[in-house]
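The values are calculated or read from the model by the stated rules, or taken from the named source; none is laboratory data. Worth saying up front: this structure is predicted, and the values here are computed from it rather than measured. Here the Cβ positions follow ideal geometry from the backbone for every residue, glycine too, while neighbour counts run over all protein chains shown. What goes into the accessible areas is simple: the full protein's heavy atoms, side chains included, and nothing from ligands, DNA or RNA. Shrake-Rupley method; radii C 1.70, N 1.55, O 1.52, S 1.80 Å.
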Amino acid sequence: MDSGDQVKQAAPSAKFTYDDFLKFPNDGRRHEIIDGAHYVTPSPNTKHQTISKRLTVAIDIHLMRHVGGSVFAAPFDVVLSDRDIVEPDLIYISRERAGVLTEQHVRGAPDLVVEILSPGTRRTDEITKRKLYERYGVAEYWVVDPELESIKVYRRRDEQTFTRAAELSAESGDSLTTPLLPGFSVPLSTVFTPAF
């Protein structure tokens, strides 16, 4: 997700809700609520933002050519429930699921969620958020590792669970594809190309 340490801010018995979320400061940090616990992450670093931009542009260009939905980059609230509000790095919403998109945020599960790891968010992104997205019906989840230049792809196996469909790397010359976007393909070497 972002660089730096992630801080979980909730007293053991406190459960934050969407009303609380709306009162969090607009301080340049990412505020999220997962199962009522408040998570705060510093703003992203250059490498994170470069990867996010490359993926967003690749998906957006594909969508403009194949009219099939919309891609959004953070910050953009995804309200999964009153106690689960996240700001994934990227999301894709198909035309068929356009009803989850409101004028203010997404209310419900996007088709695709992408999180870009940092040392401070690795556990949250790989375990906590993976289980959260699985529970709420996200069809596909990509976990992007800037350090290893790799992407883990989780796809819905059935109504309940994800399966790890692929583990791709720039070193192996892999390209990222998804059945959610027929014809979409981007080499990982492009995704992980440095800003300068």
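Of all positions in segment 122-141, at least one carries a residue that is of a type outside the set (D, E, K, R), touching a Lys or Arg at 6+ places or on another chain (Cβ under 8 Å) and surrounded by 23 or more Cβ atoms within 10 Å (Cβ to Cβ). Among residues of segment 165-193 that are within 17 Å of THR50 (Cα to Cα), those with a Cβ under 6 angstrom from a residue that is of a type in the set (Lys, Arg) and surrounded by 14 or more Cβ atoms within 10 Å (Cβ to Cβ), sequence gap 6+ or separate chain, pair up as VAL191/ARG54.
Is it true that ASP111 is more than 12 Å from the chain's Cα centre (by Cα) and either open to solvent by 10 Å² or more (accessible area, probe 1.4 Å) or touching a residue at least 24 places away in the same chain (Cβ under 8 Å) (or both)? No; evaluated as a whole, the condition is false for this residue. Restricting attention to segment 147-165, the residues being within 23 Å of SER43 (Cβ to Cβ) and open to solvent by 10 Å² or more (accessible area, probe 1.4 Å) number 3.
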